[in-house]
Amino acid sequence: MKIQLPRGTRDILPEEVAKWHFLERSFEEICTDYQYQEIRTPIFEHTELFERGVGDSTDIVTKEMYTFEDKGGRSLTLRPEGTASVVRAFVEHKMFGSPNQPNKLYYKGPMFRYERPQGGRQRQFHQMGIEALGSYDPAIDVEVITLVMHFFQKIGLSNTKLVINSLGDKESRLRHREALIAHFEPRIDEFCADCQNRLYKNPLRILDCKKDHDHPLVQSAPSILDYLNEASTAYFDKVKSYLDAVGLDCEIDPTMVRGLDYYNHTTFEIMSVEEGFGAKTTLCGGGRYHGLVQEFDGPETPGIGFGIGVERVLLALEKAEVIIPEEKALACYVITAGEGTAVKAMSIMNTLRQQGISAEKDYQDRKLKGQLKDADRKNALFTIIVGEEELASGVYKLKDMKSGEQTAIAEDAIAATISKKLQTLKEEHQ
Ligand code: HAM
(Lines give C-alpha, C1' and ligand atoms only; values in the text may rest on other atoms or scores of the structure.)
Protein backbone atom coordinates (compact mmCIF):
# COMPACT_ATOMS: atom_id res chain seq x y z
CA MET A 1 0.00 0.00 0.00
CA LYS A 2 1.18 3.48 -0.83
CA ILE A 3 2.18 5.37 2.31
CA GLN A 4 0.94 8.93 2.39
CA LEU A 5 1.63 11.74 4.83
CA PRO A 6 -0.43 11.70 8.04
CA ARG A 7 -3.73 13.61 8.05
CA GLY A 8 -3.32 17.21 9.12
CA THR A 9 0.35 17.45 8.10
CA ARG A 10 1.96 18.93 5.00
CA ASP A 11 5.18 18.63 3.08
CA ILE A 12 6.82 21.97 2.43
CA LEU A 13 8.20 21.51 -1.05
CA PRO A 14 11.32 23.22 -2.44
CA GLU A 15 9.26 25.66 -4.53
CA GLU A 16 7.42 26.87 -1.39
CA VAL A 17 10.39 27.05 0.89
CA ALA A 18 11.48 30.53 -0.24
CA LYS A 19 8.31 31.89 1.38
CA TRP A 20 9.15 30.18 4.66
CA HIS A 21 12.69 31.55 4.56
CA PHE A 22 11.31 35.02 3.88
CA LEU A 23 8.96 34.87 6.88
CA GLU A 24 11.56 33.36 9.18
CA ARG A 25 14.21 35.87 8.14
CA SER A 26 11.83 38.82 8.51
CA PHE A 27 10.80 37.60 11.96
CA GLU A 28 14.41 37.06 13.07
CA GLU A 29 15.37 40.55 11.87
CA ILE A 30 12.49 42.20 13.72
CA CYS A 31 13.21 40.23 16.89
CA THR A 32 16.84 41.26 16.74
CA ASP A 33 15.85 44.92 16.25
CA TYR A 34 13.63 44.67 19.34
CA GLN A 35 16.45 42.89 21.23
CA TYR A 36 14.86 39.42 21.53
CA GLN A 37 17.14 36.38 21.48
CA GLU A 38 16.33 32.98 20.07
CA ILE A 39 15.68 30.01 22.31
CA ARG A 40 15.28 26.42 21.06
CA THR A 41 13.50 23.91 23.25
CA PRO A 42 12.70 20.22 22.60
CA ILE A 43 9.74 19.23 20.46
CA PHE A 44 8.53 16.82 23.15
CA GLU A 45 8.25 17.46 26.86
CA HIS A 46 6.89 15.67 29.92
CA THR A 47 3.09 15.57 29.53
CA GLU A 48 2.67 17.19 32.93
CA LEU A 49 4.27 20.39 31.65
CA PHE A 50 1.31 21.08 29.38
CA GLU A 51 -1.31 19.71 31.79
CA ARG A 52 -0.13 22.17 34.41
CA GLY A 53 0.95 24.94 32.04
CA VAL A 54 -1.76 25.12 29.39
CA GLY A 55 -4.44 23.94 31.84
CA ASP A 56 -6.20 20.62 32.28
CA SER A 57 -9.65 21.99 31.42
CA THR A 58 -8.59 23.36 28.01
CA ASP A 59 -9.45 21.63 24.73
CA ILE A 60 -5.74 21.52 23.95
CA VAL A 61 -4.99 19.33 26.98
CA THR A 62 -8.19 17.28 27.13
CA LYS A 63 -8.59 16.55 23.43
CA GLU A 64 -5.73 17.64 21.27
CA MET A 65 -2.43 16.44 22.66
CA TYR A 66 -0.17 13.92 20.96
CA THR A 67 0.77 11.97 24.06
CA PHE A 68 2.78 8.75 24.08
CA GLU A 69 4.74 6.57 26.42
CA ASP A 70 8.40 6.14 25.58
CA LYS A 71 10.31 2.90 26.01
CA GLY A 72 11.23 3.94 29.55
CA GLY A 73 7.56 4.25 30.51
CA ARG A 74 7.55 8.09 30.64
CA SER A 75 4.52 9.99 29.42
CA LEU A 76 5.70 12.49 26.82
CA THR A 77 3.77 14.93 24.63
CA LEU A 78 4.61 16.63 21.35
CA ARG A 79 4.44 20.33 22.20
CA PRO A 80 1.05 21.87 21.35
CA GLU A 81 2.46 25.40 21.89
CA GLY A 82 5.70 27.11 22.87
CA THR A 83 5.07 29.11 26.04
CA ALA A 84 5.11 26.27 28.58
CA SER A 85 8.44 24.97 27.22
CA VAL A 86 10.04 28.42 27.26
CA VAL A 87 8.92 28.98 30.84
CA ARG A 88 10.22 25.53 31.84
CA ALA A 89 13.60 26.37 30.29
CA PHE A 90 13.55 29.79 31.99
CA VAL A 91 13.14 28.11 35.39
CA GLU A 92 15.46 25.18 34.66
CA HIS A 93 18.34 27.46 33.61
CA LYS A 94 17.63 30.01 36.35
CA MET A 95 17.29 32.77 33.78
CA PHE A 96 15.44 34.77 36.44
CA GLY A 97 18.86 35.34 38.04
CA SER A 98 20.37 36.90 34.94
CA PRO A 99 21.14 40.63 35.12
CA ASN A 100 19.55 40.84 31.67
CA GLN A 101 15.93 41.58 32.67
CA PRO A 102 13.39 41.23 31.27
CA ASN A 103 14.45 38.07 29.43
CA LYS A 104 13.32 38.68 25.88
CA LEU A 105 13.12 35.42 23.94
CA TYR A 106 11.83 34.29 20.56
CA TYR A 107 11.28 30.88 18.99
CA LYS A 108 9.96 29.20 15.90
CA GLY A 109 9.09 25.65 14.98
CA PRO A 110 6.45 22.95 14.65
CA MET A 111 3.61 22.50 17.16
CA PHE A 112 1.16 19.61 17.31
CA ARG A 113 -2.56 19.55 18.05
CA TYR A 114 -5.03 16.80 17.25
CA GLU A 115 -7.62 19.07 15.65
CA ARG A 116 -10.01 18.56 12.75
CA PRO A 117 -7.92 19.63 9.78
CA GLN A 118 -9.28 22.34 7.50
CA GLY A 119 -7.89 25.40 5.69
CA GLY A 120 -5.56 27.13 8.13
CA ARG A 121 -5.89 24.40 10.73
CA GLN A 122 -3.48 21.48 10.80
CA ARG A 123 -2.29 18.84 13.21
CA GLN A 124 1.33 19.76 12.70
CA PHE A 125 1.57 23.51 12.23
CA HIS A 126 4.27 26.08 12.80
CA GLN A 127 4.48 29.02 15.13
CA MET A 128 6.86 31.90 15.49
CA GLY A 129 6.58 33.44 18.90
CA ILE A 130 8.14 35.54 21.61
CA GLU A 131 8.06 35.57 25.40
CA ALA A 132 9.22 38.50 27.55
CA LEU A 133 9.74 37.33 31.12
CA GLY A 134 10.35 39.49 34.16
CA SER A 135 8.53 42.79 33.69
CA TYR A 136 5.21 44.10 35.05
CA ASP A 137 5.50 47.25 32.96
CA PRO A 138 2.43 47.70 30.68
CA ALA A 139 4.83 49.25 28.17
CA ILE A 140 6.22 45.78 27.46
CA ASP A 141 2.71 44.56 26.59
CA VAL A 142 2.68 47.22 23.92
CA GLU A 143 6.24 46.44 22.80
CA VAL A 144 5.17 42.82 22.23
CA ILE A 145 2.06 43.86 20.30
CA THR A 146 4.00 46.46 18.31
CA LEU A 147 6.61 43.87 17.37
CA VAL A 148 4.06 41.56 15.77
CA MET A 149 2.19 44.39 14.05
CA HIS A 150 5.53 45.63 12.73
CA PHE A 151 6.26 42.10 11.46
CA PHE A 152 2.97 41.97 9.54
CA GLN A 153 3.68 45.37 8.07
CA LYS A 154 7.22 44.34 7.08
CA ILE A 155 6.05 41.26 5.18
CA GLY A 156 3.38 43.28 3.36
CA LEU A 157 0.27 42.21 5.26
CA SER A 158 -1.72 45.34 5.94
CA ASN A 159 -5.28 44.01 6.17
CA THR A 160 -5.11 43.06 9.84
CA LYS A 161 -7.14 43.91 12.90
CA LEU A 162 -5.85 44.03 16.47
CA VAL A 163 -8.31 42.92 19.14
CA ILE A 164 -7.48 43.24 22.84
CA ASN A 165 -9.05 42.39 26.16
CA SER A 166 -8.09 42.22 29.79
CA LEU A 167 -8.71 39.21 32.00
CA GLY A 168 -7.56 41.22 35.02
CA ASP A 169 -5.77 39.96 38.10
CA LYS A 170 -6.65 36.99 40.28
CA GLU A 171 -9.17 38.89 42.39
CA SER A 172 -11.00 40.24 39.32
CA ARG A 173 -11.08 36.83 37.69
CA LEU A 174 -12.48 35.20 40.86
CA ARG A 175 -15.32 37.72 40.98
CA HIS A 176 -16.00 37.19 37.29
CA ARG A 177 -15.93 33.43 37.79
CA GLU A 178 -18.63 33.64 40.44
CA ALA A 179 -20.75 35.79 38.15
CA LEU A 180 -20.32 33.28 35.31
CA ILE A 181 -21.35 30.36 37.52
CA ALA A 182 -24.44 32.25 38.67
CA HIS A 183 -25.24 33.09 35.06
CA PHE A 184 -24.93 29.59 33.61
CA GLU A 185 -25.93 27.39 36.58
CA PRO A 186 -29.74 27.58 36.22
CA ARG A 187 -29.64 26.45 32.56
CA ILE A 188 -26.45 24.40 32.44
CA ASP A 189 -28.38 21.29 31.29
CA GLU A 190 -28.88 23.06 27.93
CA PHE A 191 -25.12 22.94 27.39
CA CYS A 192 -22.86 20.17 26.10
CA ALA A 193 -21.32 17.63 28.48
CA ASP A 194 -17.95 19.41 28.30
CA CYS A 195 -19.49 22.70 29.39
CA GLN A 196 -21.35 20.99 32.23
CA ASN A 197 -17.97 19.79 33.48
CA ARG A 198 -16.47 23.22 32.97
CA LEU A 199 -19.09 25.05 35.06
CA TYR A 200 -17.32 24.72 38.40
CA LYS A 201 -13.88 23.81 37.11
CA ASN A 202 -13.35 26.73 34.75
CA PRO A 203 -16.53 28.52 33.61
CA LEU A 204 -14.52 30.92 31.41
CA ARG A 205 -13.98 28.00 29.03
CA ILE A 206 -17.75 27.88 28.35
CA LEU A 207 -17.35 31.19 26.50
CA ASP A 208 -14.81 29.49 24.31
CA CYS A 209 -16.80 26.32 23.53
CA LYS A 210 -16.98 25.46 19.84
CA LYS A 211 -20.32 23.59 20.28
CA ASP A 212 -22.21 26.09 22.47
CA HIS A 213 -20.85 29.18 20.82
CA ASP A 214 -24.31 30.34 19.66
CA HIS A 215 -26.23 29.68 22.88
CA PRO A 216 -27.96 32.96 23.96
CA LEU A 217 -26.49 32.65 27.45
CA VAL A 218 -22.98 32.73 25.96
CA GLN A 219 -23.85 35.93 24.14
CA SER A 220 -25.31 37.54 27.29
CA ALA A 221 -22.61 36.30 29.71
CA PRO A 222 -21.20 38.81 32.21
CA SER A 223 -18.32 40.76 30.73
CA ILE A 224 -14.93 40.50 32.45
CA LEU A 225 -14.43 44.22 31.98
CA ASP A 226 -17.27 44.87 34.46
CA TYR A 227 -15.43 42.83 37.09
CA LEU A 228 -11.95 44.33 36.84
CA ASN A 229 -10.83 45.80 40.15
CA GLU A 230 -9.18 49.21 40.35
CA ALA A 231 -5.64 47.97 39.84
CA SER A 232 -6.59 45.84 36.83
CA THR A 233 -8.56 48.70 35.25
CA ALA A 234 -5.61 51.04 35.79
CA TYR A 235 -3.28 48.47 34.20
CA PHE A 236 -5.55 48.07 31.17
CA ASP A 237 -5.86 51.85 30.82
CA LYS A 238 -2.08 52.18 30.72
CA VAL A 239 -1.84 49.51 28.02
CA LYS A 240 -4.42 51.40 25.97
CA SER A 241 -2.61 54.70 26.40
CA TYR A 242 0.70 53.14 25.27
CA LEU A 243 -1.08 51.66 22.25
CA ASP A 244 -2.33 55.14 21.51
CA ALA A 245 1.19 56.53 21.87
CA VAL A 246 2.55 54.16 19.21
CA GLY A 247 -0.45 54.84 16.96
CA LEU A 248 -1.95 51.34 17.01
CA ASP A 249 -5.70 51.12 16.54
CA CYS A 250 -7.45 48.28 18.29
CA GLU A 251 -10.85 46.87 19.02
CA ILE A 252 -11.71 45.88 22.59
CA ASP A 253 -13.53 42.56 22.75
CA PRO A 254 -14.52 41.52 26.29
CA THR A 255 -15.65 38.10 25.01
CA MET A 256 -12.16 37.16 23.85
CA VAL A 257 -10.97 34.66 26.46
CA ARG A 258 -8.26 32.73 24.55
CA GLY A 259 -8.03 28.93 24.64
CA LEU A 260 -5.26 28.53 27.21
CA ASP A 261 -5.57 28.85 30.98
CA TYR A 262 -2.46 30.80 31.85
CA TYR A 263 -3.58 34.29 30.90
CA ASN A 264 -4.29 37.33 33.05
CA HIS A 265 -4.45 41.04 32.33
CA THR A 266 -3.78 41.80 28.65
CA THR A 267 -4.81 39.30 25.97
CA PHE A 268 -4.81 39.99 22.27
CA GLU A 269 -5.40 38.47 18.88
CA ILE A 270 -4.59 39.70 15.40
CA MET A 271 -6.94 38.69 12.63
CA SER A 272 -6.71 38.91 8.89
CA VAL A 273 -9.59 40.94 7.51
CA GLU A 274 -8.70 40.04 3.94
CA GLU A 275 -11.88 39.30 2.04
CA GLY A 276 -12.63 35.64 1.38
CA PHE A 277 -10.08 34.44 3.91
CA GLY A 278 -12.51 31.99 5.52
CA ALA A 279 -13.25 31.13 9.11
CA LYS A 280 -9.77 30.63 10.54
CA THR A 281 -8.61 34.20 10.46
CA THR A 282 -6.63 34.48 13.69
CA LEU A 283 -3.03 34.91 12.64
CA CYS A 284 -1.61 35.56 16.08
CA GLY A 285 -2.71 35.16 19.68
CA GLY A 286 -1.03 36.12 22.90
CA GLY A 287 -1.19 37.73 26.27
CA ARG A 288 0.16 38.16 29.75
CA TYR A 289 0.64 35.33 32.23
CA HIS A 290 1.70 35.85 35.84
CA GLY A 291 1.45 32.46 37.50
CA LEU A 292 3.25 30.21 35.07
CA VAL A 293 6.81 30.58 36.32
CA GLN A 294 5.65 29.81 39.87
CA GLU A 295 3.61 26.88 38.58
CA PHE A 296 6.93 25.38 37.49
CA ASP A 297 8.57 26.15 40.85
CA GLY A 298 10.33 29.34 39.82
CA PRO A 299 10.11 32.69 41.66
CA GLU A 300 7.14 34.95 41.01
CA THR A 301 7.85 36.31 37.52
CA PRO A 302 5.44 37.89 35.06
CA GLY A 303 5.48 37.02 31.38
CA ILE A 304 3.90 38.10 28.14
CA GLY A 305 4.16 36.76 24.61
CA PHE A 306 2.43 35.62 21.47
CA GLY A 307 2.39 32.85 18.87
CA ILE A 308 1.96 33.51 15.15
CA GLY A 309 0.50 30.72 13.00
CA VAL A 310 2.88 30.56 10.04
CA GLU A 311 0.57 28.57 7.73
CA ARG A 312 -2.22 31.09 8.31
CA VAL A 313 0.12 33.99 7.56
CA LEU A 314 1.09 32.30 4.30
CA LEU A 315 -2.59 31.90 3.40
CA ALA A 316 -3.23 35.56 4.19
CA LEU A 317 -0.25 36.62 2.05
CA GLU A 318 -1.62 34.54 -0.79
CA LYS A 319 -5.10 36.06 -0.47
CA ALA A 320 -3.60 39.55 -0.36
CA GLU A 321 -1.52 38.66 -3.44
CA VAL A 322 1.68 39.82 -1.77
CA ILE A 323 4.72 39.10 -3.90
CA ILE A 324 7.45 37.42 -1.89
CA PRO A 325 11.01 38.24 -2.95
CA GLU A 326 12.77 35.37 -4.71
CA GLU A 327 15.75 33.66 -3.14
CA LYS A 328 19.20 34.53 -4.49
CA ALA A 329 19.40 33.51 -8.16
CA LEU A 330 21.96 31.05 -9.49
CA ALA A 331 25.05 33.07 -10.44
CA CYS A 332 26.85 30.76 -12.86
CA TYR A 333 26.11 27.57 -14.77
CA VAL A 334 29.26 25.85 -16.02
CA ILE A 335 28.66 24.25 -19.42
CA THR A 336 30.82 21.45 -20.80
CA ALA A 337 31.26 20.49 -24.44
CA GLY A 338 33.70 17.78 -25.50
CA GLU A 339 36.33 15.36 -24.33
CA GLY A 340 37.93 15.96 -20.96
CA THR A 341 36.01 19.16 -20.23
CA ALA A 342 33.99 17.76 -17.28
CA VAL A 343 37.02 17.67 -14.98
CA LYS A 344 37.89 21.31 -15.71
CA ALA A 345 34.22 22.31 -15.25
CA MET A 346 34.22 20.64 -11.83
CA SER A 347 37.33 22.55 -10.80
CA ILE A 348 35.97 25.92 -12.06
CA MET A 349 32.67 25.32 -10.29
CA ASN A 350 34.50 24.43 -7.09
CA THR A 351 36.56 27.64 -7.23
CA LEU A 352 33.41 29.71 -7.73
CA ARG A 353 31.63 28.08 -4.80
CA GLN A 354 34.69 28.53 -2.59
CA GLN A 355 34.49 32.24 -3.35
CA GLY A 356 30.82 32.35 -2.31
CA ILE A 357 29.48 32.45 -5.88
CA SER A 358 26.58 30.04 -6.45
CA ALA A 359 27.41 27.61 -9.26
CA GLU A 360 25.87 24.58 -10.91
CA LYS A 361 26.69 22.14 -13.70
CA ASP A 362 25.05 19.28 -15.56
CA TYR A 363 25.08 15.79 -14.07
CA GLN A 364 22.70 14.19 -16.59
CA ASP A 365 25.05 13.96 -19.57
CA ARG A 366 23.06 16.59 -21.47
CA LYS A 367 24.19 17.88 -24.85
CA LEU A 368 25.19 21.56 -25.18
CA LYS A 369 21.63 22.62 -26.05
CA GLY A 370 20.19 20.69 -23.12
CA GLN A 371 22.66 22.32 -20.74
CA LEU A 372 21.74 25.79 -22.00
CA LYS A 373 18.09 24.96 -21.43
CA ASP A 374 18.90 23.73 -17.94
CA ALA A 375 20.81 26.96 -17.20
CA ASP A 376 17.75 28.89 -18.37
CA ARG A 377 15.38 26.81 -16.24
CA LYS A 378 17.57 27.50 -13.22
CA ASN A 379 17.59 31.24 -14.00
CA ALA A 380 21.39 31.36 -14.18
CA LEU A 381 22.69 34.91 -14.49
CA PHE A 382 25.88 33.80 -16.29
CA THR A 383 27.25 30.73 -18.05
CA ILE A 384 30.85 29.71 -18.57
CA ILE A 385 31.51 27.48 -21.54
CA VAL A 386 34.22 24.87 -21.16
CA GLY A 387 34.88 23.37 -24.61
CA GLU A 388 37.92 21.57 -26.02
CA GLU A 389 39.15 24.81 -27.58
CA GLU A 390 38.84 26.69 -24.27
CA LEU A 391 40.60 23.86 -22.51
CA ALA A 392 43.55 24.14 -24.90
CA SER A 393 43.77 27.95 -24.83
CA GLY A 394 42.91 28.48 -21.13
CA VAL A 395 40.50 31.27 -22.20
CA TYR A 396 36.79 30.79 -21.42
CA LYS A 397 33.58 32.40 -22.63
CA LEU A 398 31.53 34.09 -19.96
CA LYS A 399 28.00 34.81 -21.15
CA ASP A 400 25.56 37.23 -19.55
CA MET A 401 22.29 35.31 -19.96
CA LYS A 402 20.14 38.42 -19.90
CA SER A 403 21.96 40.65 -22.36
CA GLY A 404 23.59 37.82 -24.35
CA GLU A 405 26.92 39.66 -24.09
CA GLN A 406 30.00 37.37 -24.16
CA THR A 407 33.43 38.06 -22.65
CA ALA A 408 36.58 36.00 -23.07
CA ILE A 409 38.49 35.55 -19.80
CA ALA A 410 41.40 33.55 -18.44
CA GLU A 411 40.56 30.84 -15.91
CA ASP A 412 42.06 32.64 -12.94
CA ALA A 413 39.96 35.74 -13.66
CA ILE A 414 36.60 33.95 -13.81
CA ALA A 415 35.62 34.29 -10.14
CA ALA A 416 36.72 37.93 -9.86
CA THR A 417 34.93 38.89 -13.08
CA ILE A 418 31.64 37.26 -12.03
CA SER A 419 31.94 38.79 -8.58
CA LYS A 420 32.33 42.26 -10.10
CA LYS A 421 29.39 41.75 -12.45
CA LEU A 422 27.20 40.50 -9.59
CA GLN A 423 28.11 43.60 -7.59
CA THR A 424 27.13 45.84 -10.53
CA LEU A 425 23.79 44.00 -10.86
CA LYS A 426 23.16 44.45 -7.13
CA GLU A 427 23.87 48.18 -7.32
CA GLU A 428 21.58 48.56 -10.34
CA HIS A 429 18.82 46.89 -8.33
CA GLN A 430 19.14 49.22 -5.32
P1 HAM B 1 -2.75 30.01 20.36
O2 HAM B 1 -3.79 31.05 20.20
O3 HAM B 1 -3.20 28.67 20.80
O4 HAM B 1 -1.68 30.59 21.37
O5 HAM B 1 -1.95 29.84 19.01
C6 HAM B 1 -1.34 30.94 18.39
C7 HAM B 1 -1.58 30.90 16.88
O8 HAM B 1 -1.15 29.64 16.35
C9 HAM B 1 -3.04 30.99 16.47
O10 HAM B 1 -3.50 32.33 16.43
C11 HAM B 1 -3.00 30.38 15.07
O12 HAM B 1 -2.59 31.34 14.13
C13 HAM B 1 -1.93 29.31 15.20
N14 HAM B 1 -2.55 27.99 15.37
C15 HAM B 1 -3.04 27.44 16.50
N16 HAM B 1 -3.52 26.20 16.27
C17 HAM B 1 -3.32 25.95 14.95
C18 HAM B 1 -3.58 24.85 14.08
N19 HAM B 1 -4.12 23.72 14.52
N20 HAM B 1 -3.24 24.95 12.77
C21 HAM B 1 -2.66 26.09 12.29
N22 HAM B 1 -2.38 27.16 13.08
C23 HAM B 1 -2.71 27.10 14.37
C24 HAM B 1 -0.57 29.93 21.78
O25 HAM B 1 -0.16 28.90 21.29
C26 HAM B 1 0.17 30.65 22.88
N27 HAM B 1 1.36 29.84 23.25
C28 HAM B 1 0.57 32.05 22.46
C29 HAM B 1 1.27 32.79 23.53
C30 HAM B 1 2.60 32.97 23.66
N31 HAM B 1 0.72 33.38 24.56
C32 HAM B 1 1.65 33.90 25.33
N33 HAM B 1 2.81 33.64 24.80
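General remarks:
- Calculated P(r) tail over 42 Å for the chain, as whole % of Cα pairs: 32 percent
- 0 to 90° range, to nearest 10: angle between helix 230-245 axis and the chain longest Cα axis: 30 degrees
- Using only side-chain charges placed at the Cβ, +1 for Lys and Arg and -1 for Asp and Glu, the dipole size of region 294-430 relative to its Cα centre rounds to 600 debye.
- Whole-Hz ³J(HN,Hα) from phi, Karplus 6.51 cos²θ - 1.76 cosθ + 1.60, for region 39-46, glycine and proline x: 10, 10, 10, x, 7, 10, 9, 4
- Here the relative contact order of region 221-336, from alpha carbon pairs under 8 Å that lie six or more residues apart, stands at 18 percent.
- Using C-alpha pairs under 8 Å with a sequence gap of at least 6, the mean separation divided by the residue count of the chain gives a relative contact order of 15 percent.
- Degrees between helix 170-184 axis and first principal axis of the chain (Cα, 0 to 90, nearest 10): 70 degrees
- Accessible surface of region 332-423 [probe 1.4 Å, protein heavy atoms]: carbon and sulfur percent: 50 percent
- Computed from the C-beta positions of residue 66 and residue 187, the FRET efficiency with R₀ = 30 Å rounds to 0.25.
- Listed residue (99, 9, 414) projecting farthest to the positive dipole end of the chain, Cβ model: 414
- Average accessible area per residue (Å²) across the chain - probe 1.4 Å, nucleic acids and ligands excluded: 52 Å²
- Only one residue of 260, 182, 330 has its Cα farthest out toward the positive end of the dipole of the chain, where Lys and Arg carry +1 and Asp and Glu -1 on Cβ, and that residue is 330.
- Cross-linked pairs 108/238; 71/201; 378/426: Cα-Cα separations exceed 26 Å for 108/238; 71/201.
- Approximate spin-label separation residue 178-residue 230, in nm, with each point projected 7 Å along Cα-to-Cβ: 1.9 nm
- Net lengthening on full extension, residue 169/residue 116 (0.36 nm per residue, minus Cα-Cα): 15.7 nm
- At 1.306 mPa s and 10 °C, Stokes diffusion of region 82-146 via Kirkwood alpha-carbon radius, µm² per second: 116 µm²/s
- Annotation: peptides 64-71, 27-34, ranked by per-residue average of other Cβ atoms within 10 Å with the highest first, follow the order 27-34, 64-71.
- Fluctuation leader among 293, 17, 91 - the chain, Gaussian network, Cα springs under 10 angstrom: 17
- Close amide H partners of residue 66, meaning residues 5 or more places away or on another chain with modelled amide H under 5 Å apart, are 78, 114.
- Remark: relative contact order (region 102-235) = 21 percent; criterion is Cα-Cα distance under 8 angstrom and separation of 6 or more residues.
- Extension gain, residue 300 to residue 16, is 97.9 nm, computed as 0.36 nm per intervening residue step minus the present C-alpha separation.
- Debye, to nearest 20: dipole size of the chain, +1 on Lys, Arg Cβ, -1 on Asp, Glu Cβ: 980 debye
- Between 332, 250, 209, the residue with the greatest mean-square fluctuation in the GNM of the chain (Cα pairs under 10 Å linked by springs) is 332.
- Among the GluC sites (Glu not before Pro) in region 384-430, those placed in a DSSP loop whose Cβ has at most 13 other Cβ atoms within 10 Å are 405.
- Of 399/420; 369/399; 63/210; 19/421, those spanning more than 19 Å from alpha-carbon to alpha-carbon: 19/421
- Working value for region 290-349: equivalent-ellipsoid semi-axes of 54, 23, 8 Å, each the square root of 5 times a Cα gyration tensor eigenvalue, largest first.
- For the chain, the longest principal axis of the Cα atoms and the long axis of helix 368-377 meet at an angle of about 30 degrees.
- Evaluated at q = 0.19, 0.23 Å⁻¹, a Debye calculation over the C-alpha positions of region 332-423 (equal weights, vacuum) places log10 I(q)/I(0) at -0.81, -1.26.
- Whole-percent carbon and sulfur share, accessible surface of region 146-295, 1.4 Å: 47 percent
The values are calculated or read from the model by the stated rules, or taken from the named source; none is laboratory data. Since the structure is predicted, the reported quantities are computational estimates derived from the model, not experimental observations. Cβ atoms come from the backbone with ideal geometry, glycine included; neighbour counts cover every protein chain shown. Accessible surface areas use protein heavy atoms only, side chains included; no ligands, DNA or RNA. Shrake-Rupley method; radii C 1.70, N 1.55, O 1.52, S 1.80 Å.
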